[in-house]
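Chemist: Have a look at the structure that comes next, please.
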Protein chains: 2
Amino acid sequence: MRIGELARRTGVSQRSLRYYEQQGLLASDRTPGGQRDYPERAVDRVIRIQELFAAGLHSKKIAQLLPCMRDADGAPSEIATPRLVGELTAERDRIDRMMTELANSRAVLDEIIDTASRPVH
Amino acid sequence: MRIGELARRTGVSQRSLRYYEQQGLLASDRTPGGQRDYPERAVDRVIRIQELFAAGLHSKKIAQLLPCMRDADGAPSEIATPRLVGELTAERDRIDRMMTELANSRAVLDEIIDTASRPVH
DNA sequence: GTTGAACTTGACACTGATGTCAGGTCTTAC
DNA sequence: GTAAGACCTGACATCAGTGTCAAGTTCAAC
């Protein structure tokens, strides 16, 4: 599929898709004319990339871990090095802390919403 | 307490604390010489502010909701307007989505770590 | 007082993913 | 072959919180 369709199907802008390619996160074939041609599986990959960005990982680290991910169709093409495992573990811990903070913030919002919505007594 | 101690106790830089004040998130008394003087409760407040930043809220919205928060010592000083409640509800929903994405990303990392740590068989 | 640490304001830089614009090329349907 | 839409590269802008530096002031202890 071409970039427009991929953008539409993933909700990610064409600009970002090109950026992902530049960062080595997303490969594409090219038509004879030089336009990008993506395989079907690119859809899932883009969604994963977006999730990892949302989790606060930088493109460089995402580029390192992507080959170690199990794709929908099978085994990972690479196994993480001990060094990478260490970094990913740190990221996982950071995500855990982030989730705790998010839960706190959610509770704060919830209480404010609740207080404002409760009938005055 | 002065800004250095507050920074030390919260782990937030002096630069950020001044920024918070500029954005109306954090008040301070001043010494006769013009230096900032914070009450004890500033510590908790700064931590809350950091959490809300981590949750993706912008300073303007944080400034709006802070007066509606129940402090450690009692009732909120303001009740959220319906408009603010709507916005906060949207933020809460966004946080919920973010937590789901974080859980997904965490699982991705976990599997990679797990695969790399598992003895070859 | 004097000294050194801590504080003040103001300005400028950075980060890193994304938006946007310009000028040109490719694709597809007629 | 031509028109319209989709795509290409490259460049510059943006956002918002934070880092950092400079030049000057205040505080606390001696």
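What follows is calculated from the coordinates using simple rules that are stated; it is not laboratory data. Remember, it's a predicted structure, so these values are computed and weren't measured experimentally. Because the Cβ atoms are built from the backbone with ideal geometry, glycine has one as well, and the counts that use them run over all protein chains shown.
Chemist: In the list B:Tyr20, B:Tyr38, which residue meets the criterion of being touching a residue at least 12 places away in the same chain (Cβ under 8 Å), near DNA strand D (Cβ under 9 Å from one of its atoms) and aromatic (Phe, Trp, Tyr)?
Modeler: Being touching a residue at least 12 places away in the same chain (Cβ under 8 Å), near DNA strand D (Cβ under 9 Å from one of its atoms) and aromatic (Phe, Trp, Tyr) holds for just one of B:Tyr20, B:Tyr38, which is B:Tyr20.
Chemist: Restrict the check to segment A:31-50 and report whether at least one residue is among the aromatic types (Phe, Trp, Tyr) and within 26 Å of B:Arg92 (Cβ to Cβ).
Modeler: No, there is no match, as no residue in segment A:31-50 is among the aromatic types (Phe, Trp, Tyr) and within 26 Å of B:Arg92 (Cβ to Cβ).
Chemist: Next question, about the same structure. Keeping to segment A:1-31, report how many residues are in a loop (DSSP other than H, G, I, E, B), more than 22 Å from A:Leu65 (Cα to Cα) and not hydroxyl-bearing (Ser, Thr, Tyr). Step through it out loud before you land on a result.
Modeler: So the first thing to find is which residues in segment A:1-31 are in a loop (DSSP other than H, G, I, E, B), and the list is A:1-2, A:11-13, A:23-28, A:31.
When the remaining residues are screened for being more than 22 Å from A:Leu65 (Cα to Cα), the result is A:1-2, A:11, A:13, A:31.
So of that shortlist, the ones also not hydroxyl-bearing (Ser, Thr, Tyr) come out as A:1-2, A:11.
Qualifying residue count, segment A:1-31: 3.
Chemist: Counting just the residues of segment B:41-79 that are within 16 Å of DNA strand D (Cβ to nearest atom) and part of a loop (DSSP other than H, G, I, E, B), which one comes out surrounded by the fewest Cβ atoms within 10 Å (Cβ to Cβ)?
Modeler: B:His58
Chemist: Every residue in segment A:2-52 that is of a type in the set (A, V, I, L, M) and within 11 Å of DNA strand C (Cβ to nearest atom), please.
Modeler: Once the filter is applied, which keeps residues that are of a type in the set (A, V, I, L, M) and within 11 Å of DNA strand C (Cβ to nearest atom), segment A:2-52 yields A:Ala7, A:Val12, A:Leu17, A:Leu25, A:Leu26, A:Val46, A:Ile49, A:Leu52.
Chemist: Let me ask another. Return the residues of segment B:78-114 that are of a type in the set (Ser, Thr, Tyr) and more than 7 Å from chain A (Cβ to nearest Cβ); say none if nothing qualifies.
Modeler: First, pick out the residues of segment B:78-114 that are of a type in the set (Ser, Thr, Tyr): B:81, B:89, B:100, B:105.
Within segment B:78-114, B:Thr81, B:Thr100 qualify.
Chemist: Filter segment B:90-114 down to residues that are surrounded by 13 or more Cβ atoms within 10 Å (Cβ to Cβ), more than 23 Å from A:Gln64 (Cα to Cα) and of a type in the set (Lys, Arg), then give me how many there are.
Modeler: Total satisfying the criteria: 2.
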